[in-house]
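Visitor: Provided herewith is a single structure, encoded as structure tokens, for subsequent inquiry.
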Amino acid sequence: MYVGDLVNIEKDTYSKDKYIITSVKPRINLLPRPKIANIQKLLIVMSSVPIPDMELVDKLIIYCMMNGIEPIIVVSKSDVLDEAFISDIMAQYYFLTVFAVSSKKGIGIADICKYISGSITAVCGQSAAGKSTLINAIIPGIDLQTQDVSKKISRGKQTTRSNSLYYYKDIIIADTPGFSRLDLNIDCADLSAYYPEFDEYLGKCKYLDCAHIKEGADCAIVTAVESGKINKNRYDRYVSLYQKLKILGEKKYD
Ligand SMILES: Nc1nc2c(ncn2[C@@H]2O[C@H](COP(=O)(O)OP(=O)(O)OP(=O)(O)O)[C@@H](O)[C@H]2O)c(=O)[nH]1
Ligand SMILES: [Mg+2]
Ligand SMILES: [Zn+2]
């Protein structure tokens, strides 16, 4: 059983005020990390500190797409960011909803609340990205534990240790522990389908089995990158991820 599971309960015959879980209802989805069931929206929280792991963000988006979850990018700590950082993230993820917020200053929080109201949401991302601080800004008086980045690095641990769901008005939101490792379990040949910005070019390459990883006019995706229509950083990470998945796939048959 996981946080987010819907269950059937029965009254405990031995103890008056207690209920017993008799079964877990079928899940709509189950994210591998954070291990959480039945969410509809995932807030992928990132900032300039800690240095963002953009491959992790890309993988989380892929997992959301595989599970029918809407990924939302939250650029946190906007009070200490320069405009260029925020606009770069917005350009890379133009196909998603991107919020730039400061939980400390209360900037952008009302917009997030409105957006996630009525759905089941979880936050996720690297440790110290500002997930718990964000929930503290969303839910008045909740006071989840948060911790300075420098202390975290010296301790090397996350502050939040478990997945927990919180309720406030029409908002249901889960806090989760930070992580930096996420294994992606897909065939490299399927990867390009998870890049929405590739969609309009797929099927237009010279060769039907094009992996979109080699330079040249034969590939519609590479051409779109060269002309600035596809973000180069996103594309470079696609190539890197493709190559890692290819090696993993080859190992499977060793
Ligand atoms: N300046 C500024 N600092 C922030 C903001 N939001 C969070 N922080 C700081 O970032 C640090 C980490 O915040 P947390 O909320 O504990 O991070 P977390 O993502 O929950 O971390 P884990 O629980 O370890 O996964 C703390 O020192 C926060 O005060 C913000 O909007 N502005
Ligand atoms: Mg936390
Ligand atoms: Zn191609």
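A short reminder: the numbers here are calculations on the coordinates, not readings from a lab. What you are looking at is a predicted structure, and each value in this text was computed from that prediction instead of being measured. Positions of Cβ are backbone-derived with ideal geometry, glycine not excepted, and every protein chain shown enters the neighbour counts.
Visitor: Quick one: which of Tyr201, Tyr242, Tyr194 is touching a residue at least 40 places away in the same chain (Cβ under 8 Å) and within 13 Å of ligand 3 (Cβ to nearest atom)? Before the answer, list the steps.
Guide: Details: Tyr201 fails: touching a residue at least 40 places away in the same chain (Cβ under 8 Å); Tyr194 fails: within 13 Å of ligand 3 (Cβ to nearest atom).
Result of the check over Tyr201, Tyr242, Tyr194: Tyr242.
Visitor: In the set Lys114, Lys105, which member is surrounded by fewer than 16 Cβ atoms within 10 Å (Cβ to Cβ) and in a loop (DSSP other than H, G, I, E, B)? Lay out the reasoning, then the answer.
Guide: Numbers: Lys114 fails: in a loop (DSSP other than H, G, I, E, B).
Among Lys114, Lys105, only Lys105 is surrounded by fewer than 16 Cβ atoms within 10 Å (Cβ to Cβ) and in a loop (DSSP other than H, G, I, E, B).
Condition check ((1) surrounded by fewer than 17 Cβ atoms within 10 Å (Cβ to Cβ); (2) in a loop (DSSP other than H, G, I, E, B)) across all residues:
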{"site": "Asn8", "(1), (2)": "yes, no"}
{"site": "Ser15", "(1), (2)": "yes, yes"}
{"site": "Ser23", "(1), (2)": "yes, no"}
{"site": "Ile28", "(1), (2)": "yes, yes"}
{"site": "Val45", "(1), (2)": "no, no"}
{"site": "Ile51", "(1), (2)": "yes, yes"}
{"site": "Asp58", "(1), (2)": "no, no"}
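Visitor: Of everything in region 128-148 that's among the hydrophobic types (A, V, I, L, M, F, W, C) and farther than 19 Å from Asp79 by Cβ, which residue is surrounded by the most Cβ atoms within 10 Å (Cβ to Cβ)? Can you show your working first?
Guide: Taking region 128-148 and keeping what is among the hydrophobic types (A, V, I, L, M, F, W, C), we get 128-129, 134-135, 137-139, 142, 144.
Then keep just the ones that are farther than 19 Å from Asp79 by Cβ; that gives 139, 142, 144.
Values: Ile139: 18, Ile142: 14, Leu144: 16.
Checked region 128-148; the qualifying residue surrounded by the most Cβ atoms within 10 Å (Cβ to Cβ) is Ile139.
Visitor: Are any residues in region 117-127 surrounded by fewer than 24 Cβ atoms within 10 Å (Cβ to Cβ) and under 17 Å from Val80 (Cβ atoms), and if so, which ones?
Guide: Gln126
Visitor: Free of Cβ contacts under 8 Å to residues at least 60 places away in the same chain and either within 23 Å of Gln92 (Cβ to Cβ) or among the charged types (D, E, K, R) (or both), is that true of Cys188?
Guide: On the way: free of Cβ contacts under 8 Å to residues at least 60 places away in the same chain: no; either within 23 Å of Gln92 (Cβ to Cβ) or among the charged types (D, E, K, R) (or both): yes.
Spelling it out, it is not the case that Cys188 is free of Cβ contacts under 8 Å to residues at least 60 places away in the same chain and either within 23 Å of Gln92 (Cβ to Cβ) or among the charged types (D, E, K, R) (or both).
Visitor: While we're on this one: Of the residues in region 165-180, how many are more than 16 Å from ligand 2 (Cβ to nearest atom) and touching a residue at least 12 places away in the same chain (Cβ under 8 Å)? If you could, list the steps in order and put the result at the bottom.
Guide: Looking only at region 165-180, we keep the residues that are more than 16 Å from ligand 2 (Cβ to nearest atom), and these are 167-172.
Okay, now just the ones that are also touching a residue at least 12 places away in the same chain (Cβ under 8 Å), so 168-172.
Summing the residues that are more than 16 Å from ligand 2 (Cβ to nearest atom) and touching a residue at least 12 places away in the same chain (Cβ under 8 Å) in region 165-180 gives 5.
Visitor: Determine which single condition Ser162 fails, assuming it passes every other condition in (1) in contact (Cβ under 8 Å) with a residue 12 or more places away in the chain; (2) surrounded by fewer than 19 Cβ atoms within 10 Å (Cβ to Cβ); (3) part of a helix (DSSP H, G or I).
Guide: Ser162 satisfies all of (1) in contact (Cβ under 8 Å) with a residue 12 or more places away in the chain; (2) surrounded by fewer than 19 Cβ atoms within 10 Å (Cβ to Cβ); (3) part of a helix (DSSP H, G or I) except (3).
Visitor: Continuing with this model, one more query. Quick one: in region 211-230, of everything that is assigned to a loop (DSSP other than H, G, I, E, B) and crowded, with 19+ Cβ neighbours inside 10 Å, which residue is farthest from ligand 1 (Cβ to nearest atom)? Reasoning before the result, please.
Guide: Just the residues of region 211-230 that are assigned to a loop (DSSP other than H, G, I, E, B), to begin with: 211-219, 227-230.
Still in the list and also crowded, with 19+ Cβ neighbours inside 10 Å: 212, 219, 230.
Working: His212: 34, Cys219: 38, Ile230: 30 Å.
Here the residue is Cys219.
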